[in-house]
1. If one computes the Cα centroid of the stretch 429-506 and of the stretch 528-601, what distance in Å separates the two points?
2. Would you compute, from DSSP H runs of 4+ residues alone, the mean residue ellipticity of the chain at 222 nm, taking -39500 (n - 2.57) per run and dividing by the full residue count, rounded to the nearest 500?
3. Would you tally the net charge around Leu20, using a Cβ to Cβ cut-off of less than 14 Å, leaving Leu20 out, and scoring K and R as +1, D and E as -1?
4. Going from the alpha-carbon gyration tensor of the stretch 134-200, what semi-axes, largest first and in whole Å, does one get by taking the root of 5 times each eigenvalue?
5. Just the accessible area per residue of the chain, please: how many Å² with a 1.4 Å probe?
6. Which three numbers, in whole Å and largest first, are the semi-axes of the equivalent ellipsoid of the stretch 1-151 derived from its Cα gyration tensor as √(5λ)?
7. Quick check: convex hull over the Cα atoms of the stretch 458-572, volume per residue in Å³, rounded to an integer?
8. For the stretch 532-585, state which chymotrypsin sites (Phe, Trp or Tyr not before Pro) are in a DSSP loop and have at most 15 other beta carbons lying within 10 Å of their beta carbon.
Amino acid sequence: MLGAGRQLVGRVKRQVRDDLGADPYLLYILVGAALLTSFWFWHRIPNFATRDEKSRLLDAMVPYGTTLADPSFESLQAGVEWSRVPFGATLYLFGLAMLPVVIVALLTGQSEIFAAVGFPSWEFGHYPVWHETPRWVWTWSLVFVRLFNAAFAVGSVYLTYRLGTAMGDRTTGRLSAILLTLTFGFLTIAHEGGEDMPALFFSLLTLYLLYVFVKTGDDASFFAASAFGGVAIAFKLTAAPIIAVIGVAYLFRADLVWAYDDDTSLLAALFAPRLLVGGAALGLIAILLGFPTFLVAGFDPLLERVFGGSMSRMSHPTGPDAPVWWWFLRGYFSALGLPLFAAALGGVLASVARLRRWRSEVYGTALVLFTLAVYLALFSQWHDFRVHHLLPTFPLIALLLARSLGEFHEWSPSIARPAVALLLVTTTIYAGVGTLGFASMPRDEATAWLNENAEEGDTMEVYRRDFQDAAIPHGMNINHAFGEEGDDERLVRCPRYIQLGYRDLLYLKEGSYYRNGEAQAEYVRGLLEGQYNYEIVAEFGERPPNFVPQRATPGSFTELLRYGVVPQTDQFADEQELAANQYTVILERTGECSARRNPPF
């Protein structure tokens with residue numbers, strides 16, 4: 001097994017070296033991808049880009065802490081089992097990213113930082129452990145996490161290049177890699193820590209190895225694809241369609257053998273139990289080993305994750321009711337921009353038409369099309385989904401579009417050249433403006449303002465359920481007045497500052513699917529109009545008209561068009577919130593404490 005692994009690593013090194021030597025443009029593409037995916041990667045640090053990023057980091061931090069506090073298997077087991085839900089191989093990745101920070105803490109005699117973590121309170125989204133743990137721990141842990149994520153993103157760009165080159169030629173590979181690099185949805189996911197980008201990398205690696213297997217019949221490539229497919233699933237269960245792709249690649253290879261070998265029947269070509277059993281075993285082992293909870297607690301946590309969490313995602317609503325086509329358009333408009341979306345749609349349709357000319361050269365196109373179709377079929381069964389869920393389809397779309405543009409160039413180069421140039425220019429502008437936006441995120445600016453203007457001992461009140469949703473300096477006193485916590489005697493009756501964000505303003509929007517309530521709307525409006533001796537002293541981001549968020553009406557096509565023109569548009573809930581979602585207003589108390597002020601949250 002180790003020998004096979006070393007052989008595979010050697011093949012990878014030789015392939016990368018050969019590609020860099022044969023294609024003078026590849027290095028520039030990869031450098032460009034590295035710059036775009038890592039631009040301003042430290043935004044929001046030491047706070048988090050997403051709740052998922054926070055959850056995954058705590059998932060790694062708790063086992064370190066329990067083991068340092070009590071070095072035993074039981075402590076390790078308890079630490080690994082503690083989690084919002086068991087999230088698989090991401091724990092390994094985040095644990096590796098946090099390891100240098102843990103080592104520094106041990107070498108400097110500060111191991112109690114981790115040993116004191118215990119099992120963090122769920123209060124205000126685990127705010128107490130974030131507030132009490134030194135800032136440098138979060139800062140450097142998140143720096144390493146996001147740099148890992150950017151590295152996986154660049155690796156995904158290279159694998160897209162390799163696939164495009166194998167399916168067509170180096171021009172196809174270059175264009176595929178460039179199109180993926182300029183996909184704004186891809187760049188947004190590269191700017192947050194999580195399981196999406198590692199899962200994409202291993203899914204693409206699996207797809208490339210499967211294509212090699214189809215073309216060459218190399219058994220080692222099939223076994224490696226099965227194992228890496230299992231790794232992808234261990235990172236993110238929505239990578240499960242790769243199982244069907246492995247099966248289709250096996251059928252394609254059998255069809256190719258049958259078609260070109262007169263001495264082999266179709267049944268004989270299909271009968272390869274060594275491949276089927278060996279591949280399935282490797283994939284299953286990779287999945288099981290990829291879940292630390294399986295290693296310490298057996299099958300129950302894994303089954304809970306698969307059937308209790310992922311299966312329920314099809315029916316569990318986290319967004320408003322709308323037709324599934326609206327969710328697809330909302331996601332793809334935002335992720336691609338309108339020009340790239342239109343070109344992608346044409347490229348996919350042209351790829352489908354290409355299958356009519358069935359020959360060995362279209363196996364790659366067929367494999368990519370099938371993978372895309374399975375993912376779209378999966379998401380079409382959900383109530384709603386986000387841009388990060390669509391991430392696995394972005395390189396597939398780039399590959400199909402690049403291949404179609406290559407054929408377009410062969411048919412009419414005089415038209416294709418300016419068309420491709422226009423597409424790349426418009427997509428670059430869309431992605432460039434969106435990426436530059438990370439340098440001026442409203443919550444970052446609000447946090448910086450508070451760090452500069454708030455005095456020691458000042459308290460700020462926020463109305464969020466999770467501190468990740470607000471602009472909060474690490475050392476500032478906070479009233480988190482939401483739900484039962486609003487009656488807590490520890491709350492300061494009249495804090496110096498009150499913060500309202502985009503989600504708070506949704507109470508002012510009629511027909512909001514999530515935040516409703518006349519009392520809340522009246523209170524928020526009263527605050528903004530100065531009824532409780534508070535007035536606005538600073539605001540960050542673009543103020544919505546009359547403070548009322550302007551979201552696309554669920555089910556409306558025309559209102560979605562703006563999503564494909566302005567890159568930093570609002571997102572419905574659980575992914576990284578872009579600039580539109582981060583509008584923040586700070587109010588300061590200007591007079592006596594108002595007895596009428598009673599936050600109804």
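1. Between the Cα centre of the stretch 429-506 and that of the stretch 528-601, the gap is 12 Å.
2. Numbers: 26 runs with 356 residues, N = 601.
Here the helix-only value at 222 nm equals -19000 deg cm²/dmol.
3. On the way: positive: Lys13, Arg14, Arg17, Arg162, Arg170, Arg174; negative: Asp18, Asp19, Asp23.
Local charge sum for Leu20: +3.
4. Values: eigenvalues 175, 20, 13 Å².
Ellipsoid semi-axes (Å, largest first): 30, 10, 8.
5. On the way: 25190 Å² over 601 residues.
Ligands and nucleic acids excluded, the figure is 42 Å² per residue.
6. Working: eigenvalues 232, 84, 38 Å².
Working from the Cα gyration tensor, I get semi-axes of 34, 20, 14 Å.
7. Values: hull volume 14.7 nm³, N = 115.
Roughly 128 Å³ of hull volume per residue.
8. Values: sites: Tyr532, Tyr534, Phe540, Phe547, Phe557, Tyr563, Phe572, Tyr583; in loops: Tyr532, Phe557, Phe572, Tyr583.
For chymotrypsin sites (Phe, Trp or Tyr not before Pro) across the stretch 532-585 that sit outside H, G, I, E and B with at most 15 neighbouring Cβ atoms in 10 Å, the list reads Phe557.
The values are calculated or read from the model by the stated rules, or taken from the named source; none is laboratory data. Worth saying up front: this structure is predicted, and the values here are computed from it rather than measured. Cβ sites come from the backbone with ideal geometry, for glycine too, and all protein chains shown count toward neighbours. Accessible surface areas use protein heavy atoms only, side chains included; no ligands, DNA or RNA. Shrake-Rupley method; radii C 1.70, N 1.55, O 1.52, S 1.80 Å.
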